[in-house]
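Note sheet for the following structure.
The values are calculated or read from the model by the stated rules, or taken from the named source; none is laboratory data. This is a predicted model, so every value here is computed, not measured. Every residue, glycine among them, receives a Cβ derived from its backbone with ideal geometry; neighbour counts consider all protein chains shown. We work out accessible area using only protein heavy atoms, side chains counted, and drop any ligands, DNA or RNA first. Shrake-Rupley method; radii C 1.70, N 1.55, O 1.52, S 1.80 Å.
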Amino acid sequence: MITRRFLIPTLAIVGLAALTACSAKPRVPKTFLSDRQLNLEEFFAGKTVAYGQFQDVLGNVPRRFTVDIEGTWDGKILTLVEDFVYDDGATEQRIWTLKKTGEDTWTGTAPGVLGTASGIERGDTFNWTYKIDLPVKDGTMRVDFDDWMWLLSEDRLLNRAYVSRYGVRLGEVILFFEKN
């Protein structure tokens, strides 16, 4: 018979294992689901629109938004001017300056981003990580983004960003980009 002394730690371990299993994130692939090649400088050159929402870990969707993006590529630097419009009428602009640092690697900066963001392209996938002071109703909140993008077609890109603070996941941002 299992005693209470052993039951509580066992349930805690099983619960932690189940929670960890539910929080797995993608990995940069070694094999690919398609033969498409994501090239950020090509996809984001010109006008792009994105539709997205934030979903917290409990499944609530407190915020939806659209983003109009104007991208320019000068052969070395990709500049993305992002104009956000939230469902509550709030607006925000973020201007990213991305630099291609290797065949498949990128770094980037934007107002609010702490230090330098870094990313890697592999096949139809891009992974981008950074820490940002994100605007919220009462000021800003420092969070970590682990952004994953997948090229679905020549003019469509799916983005799933895992948002965490102090290593604890707060939720996810889901975005769908479409070339204009």
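Points to keep in mind about this one:
- Filter result (of a type outside the set (D, E, K, R), open to solvent by 30 Å² or more (accessible area, probe 1.4 Å) and either under 16 Å from F54 (Cβ atoms) or touching a helix residue (DSSP H, G or I) at 6+ places or on another chain (Cβ under 9 Å) (or both)) within the stretch 120-149: L134, P135, V136, T140, M141
- Restricting the stretch 117-150 to residues that are part of a strand (DSSP E or B) and of a type in the set (G, A, S) leaves a set whose member that is nearest to L40 (Cα to Cα) is G119.
- Contact map, the stretch 120-133: residues that are touching a residue at least 12 places away in the same chain (Cβ under 8 Å) paired with residues that are part of a loop (DSSP other than H, G, I, E, B) and open to solvent by less than 20 Å² (accessible area, probe 1.4 Å), Cβ distance under 9 Å, separation 6+ or inter-chain. Pairs shown: E121/L38; R122/L38; G123/L38; D124/L38; T125/L38; F126/L38; Y130/A110; I132/A110.
- Within the stretch 55-67, residues that are in contact (Cβ under 8 Å) with a residue 60 or more places away in the chain sit with their Cβ atoms under 9 Å from residues that are open to solvent by less than 80 Å² (accessible area, probe 1.4 Å) and of a type in the set (D, E), at 6+ positions apart or across chains, in these pairs: Q55/E172; D56/E172; V57/E172; V67/E82; V67/D83.
- Matching residues, the stretch 101-118, being free of Cβ contacts under 8 Å to residues at least 60 places away in the same chain and more than 23 Å from R165 (Cα to Cα): T101, G102, E103, D104, T105
- Extreme residue, farthest from R160 (Cα to Cα), among residues of the stretch 123-148 that are of a type in the set (K, R) and modelled with pLDDT of 95 or more: R142
- Output for the stretch 150-168, where each listed residue is open to solvent by 20 Å² or more (accessible area, probe 1.4 Å) and either at positive phi or touching a strand residue (DSSP E or B) at 6+ places or on another chain (Cβ under 6 Å) (or both): W150, L152, D155, R156, L158, R160, S164, R165, Y166, G167
- Pairing each residue of the stretch 148-170 that is over 20 Å from R63 (Cα atoms) with any residue that is open to solvent by 30 Å² or more (accessible area, probe 1.4 Å), provided the two are 6+ apart or on different chains, yields C-beta distances under 6 Å for W150/L158; L151/R36; L152/L158; D155/K179; R156/E178.
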